[in-house]
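Report on one structure; see the data block that follows.
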Amino acid sequence: TALNYFNNGIVQSIPVSTQLNLFKYINIQPSFNYKEYWYFRTREYHYHPNTGKVGYTDLNQFGAARDFNASVSASTRIYGLFGGKGVRQTTVRHTMQPSMSYTYRPDFSDDRWGFYQTVQKDTSGATDRYNRFAGGILGSPGRGEQQTVSLGLNNIVEMKYRKKQAPGDTTQVKDPYTRLTLLDALGLNTSYNFAAESLQLAPLSFIARTNFLNNKFNF
């Protein structure tokens, strides 16, 4: 049939989120994401005792799967001002943006969902779960429960100083200050998955970004 010659599917996404303000300074953002997958081909797995391997058969039949996750994040900004004295009135502003989030996603490979098939995988009789929607062009529900806390801290450093005027120059200018960004971003991020069996702590990632010559070069 024509279904044997192309990969196809339909995915429907429903994202829901809102934003709240706590104590005027903390932004709280809960969200919920739902996905529905429709495929016209699914897989049926079977163990081959002669080879000791797992194989599968593609079935040209309709199958539906779904997944979802829920999360809540909190962020705020903390400002610090330094300097501001002298003839040039040079001032440095340091902005810190700490953030924290929690994400939950069930284990969609669990038998109760019906998206994975439990099959013997070797001669010892051990079993494993195999995705009935593997190979789908639009993705499929993932395996493994997720209960992740993510932590992040970003920093922005800006500077402002008064423009230099020639001695005796009393010309009034609309904005007598020059403003520039020393660091567009200086951030640290990591996360911890309480539900993972191993490697719960993610690597600590670092990002730094700045620019030169009035935003002509970014580094």
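The values are calculated or read from the model by the stated rules, or taken from the named source; none is laboratory data. Given the structure is predicted, the values throughout are model-derived calculations rather than measurements. Please note: Cβ atoms are built from the backbone with ideal geometry, for glycine as well, and neighbour counts cover all protein chains shown. Calculation scope for accessible area: heavy atoms of the full protein, side chains included, ligands and nucleic acids excluded. Shrake-Rupley method; radii C 1.70, N 1.55, O 1.52, S 1.80 Å.
Any chance you could tell me what percent of the C-alpha pair distances in the chain go past 33 Å?
47
Please give the charge dipole size of the chain, origin at the Cα centre, charges +1 on K and R Cβ atoms and -1 on D and E Cβ atoms. Round to the nearest 20 debye.
It comes to approximately 1360 debye.
Rolling a 1.4 angstrom probe over the protein heavy atoms, how many square angstrom per residue are accessible across the chain?
Accessible area per residue, the chain: 69 Å².
Determine the relative contact order of the chain: mean sequence separation of Cα pairs under 8 Å and six or more apart, normalised by residue count, in whole percent.
It comes to 16 percent, rounded to a whole number.
Run the count for the chain, please: Lys pairs, Cα-Cα under 22 angstrom, 8 or more apart or on different chains.
Final tally of qualifying lysine pairs is 10.
Taking the highest mean first, how do the peptides 137-143, 103-109 order by number of other beta carbon atoms within 10 angstrom per residue?
With the highest mean Cβ count within 10 Å placed first, the list reads 103-109, 137-143.
Give me the Kirkwood hydrodynamic radius of region 1-80 in Å, from all C-alpha pairs, to one decimal place?
17.0
In nm², what is the average projected area of the convex hull enclosing the Cα atoms of region 46-161?
So the mean shadow area of the Cα hull is 12.4 nm².
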